[in-house]
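Worksheet: the structure to be examined is printed underneath.
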């Protein structure tokens, strides 16, 4: 008996198609399983990050970022974890390697859309070469204890960290960061009273560093004491206004309290000086307007005089010209003076705001906090030393208050 080939009723191509579909289903199932696994890992990583257990979160974040390299949030958390890991690393080369990886992760997060003040602050705080920056104390024993304390802090051993920070302070009572980090350790232990004590000790050691003011606002925010926290964030910002971390603290307070922050709208003409020392600027005003806005010409001419003559007289110790607070203030006052001489029907709103700020002795604070360039910023430490109250008044009245309109 001849056996007739048995057909299963499935031609060859449809069979291959069915097998292909089967493997697609298997692959899809695996993808769904992987996606589900990733979601579980994300929840676990988020939980660890929230608990500040960055060392435990690091391997999970590395795995997640490998799977989702274009996730801005994961890149940011990875950068944070790598930065903590750089503290516990043993050799200088290892520390540098982790800092470089952290910086790269923050930059990647920024490129993916996370362009917050905080991520910019982290990027700027890590040198491009991954170096650690300067030591916190001239006393090497104090530095050694501080580093050991940081190692314990990174492992969430806060009580042990406090012991080591106190030894760092014993070796150098002026070690600002040792006092600061004692406060930060108490904050992590939710001992807010002791945290406040140590933040204030850090401020007493050096009131010209913003960090302790800003850190001391955190327990107040946790307790919803927003008005008191606002005062600390203001002090942090006016202490170091060109520090992104200091500004970020105030911005976070504004976001949480739904407070719109900003400066009065005053936009002086952009003045550039050519190789011949002559100014180049564009003034966009309506020549027919009866509001004194033509007076912006006085701004340009005043700055040109400063560039060619006055700077050398006012700053004889300086070898090169720089844009100064005194120059900017005089140029803005010249605008008001000329505008009033034109007998305007109604003063241009920006010029009126300059006049108002000047009458309240707040023109210099406005310039330093809203218009400062590199040259003007050099005048800030001297101004802060004797005018902290005016800077504080300006922020309360105009940046946080409604009088900027």
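The values are calculated or read from the model by the stated rules, or taken from the named source; none is laboratory data. Since the model is a prediction, treat every value here as computed from it, not as a measurement. Reconstructed Cβ throughout: ideal geometry from the backbone, glycine too, with neighbour counts over all protein chains shown.
When 42, 95, 138 are checked against the criterion of being in contact with a helix residue (DSSP H, G or I) (Cβ under 6 Å, 6 or more places away or on another chain) and either assigned to a helix (DSSP H, G or I) or exposed (fewer than 13 other Cβ atoms within 10 Å of the Cβ) (or both), 95 stands alone in meeting it.
State whether one or more residues within the stretch 195-216 are more than 27 Å from residue 390 (Cβ to Cβ) and touching a residue at least 24 places away in the same chain (Cβ under 8 Å). Among the residues of the stretch 195-216, at least one is more than 27 Å from residue 390 (Cβ to Cβ) and touching a residue at least 24 places away in the same chain (Cβ under 8 Å), which makes the answer yes. Taken together, the criteria place residue 309 among residues that are part of a helix (DSSP H, G or I), surrounded by fewer than 18 Cβ atoms within 10 Å (Cβ to Cβ) and modelled with pLDDT under 95.
On the stretch given as the stretch 280-295, residues that are assigned to a loop (DSSP other than H, G, I, E, B), touching a helix residue (DSSP H, G or I) at 6+ places or on another chain (Cβ under 7 Å) and surrounded by 13 or more Cβ atoms within 10 Å (Cβ to Cβ) total 3. When each of 112, 118, 83 is tested for being in the same structural domain as residue 57 (by TED's automatic domain parsing) and at pLDDT 95 or above, the lone residue that passes is 112. Summed over the stretch 148-166, residues that are within 22 Å of residue 216 (Cα to Cα) and free of Cβ contacts under 8 Å to residues at least 24 places away in the same chain total 7.
Of the helices (runs of 4 or more DSSP H) lying entirely inside the stretch 167-267, those carrying at least 3 residues that are buried (at least 18 other Cβ atoms within 10 Å of the Cβ) and modelled with pLDDT under 95 are 244-256. Scanning the stretch 362-405 for residues that are free of Cβ contacts under 8 Å to residues at least 60 places away in the same chain, touching a helix residue (DSSP H, G or I) at 6+ places or on another chain (Cβ under 7 Å) and within 17 Å of residue 235 (Cβ to Cβ) turns up 365, 383, 390, 394. Scanning the stretch 352-374 for residues that are surrounded by fewer than 16 Cβ atoms within 10 Å (Cβ to Cβ) and under 24 Å from the mean Cα position of the chain (by Cα), which turns out farthest from residue 255 (Cα to Cα)? Applying the filter and picking the extreme gives 374.
Within the stretch 111-135, being buried (at least 19 other Cβ atoms within 10 Å of the Cβ) and closer than 16 Å to residue 71 by Cα holds for one residue alone: 119. Residue 145 - would you say it is more than 28 Å from residue 237 (Cα to Cα), buried (at least 17 other Cβ atoms within 10 Å of the Cβ) and not assigned by TED's automatic domain parsing to the domain that holds residue 201? It is false that residue 145 is more than 28 Å from residue 237 (Cα to Cα), buried (at least 17 other Cβ atoms within 10 Å of the Cβ) and not assigned by TED's automatic domain parsing to the domain that holds residue 201.
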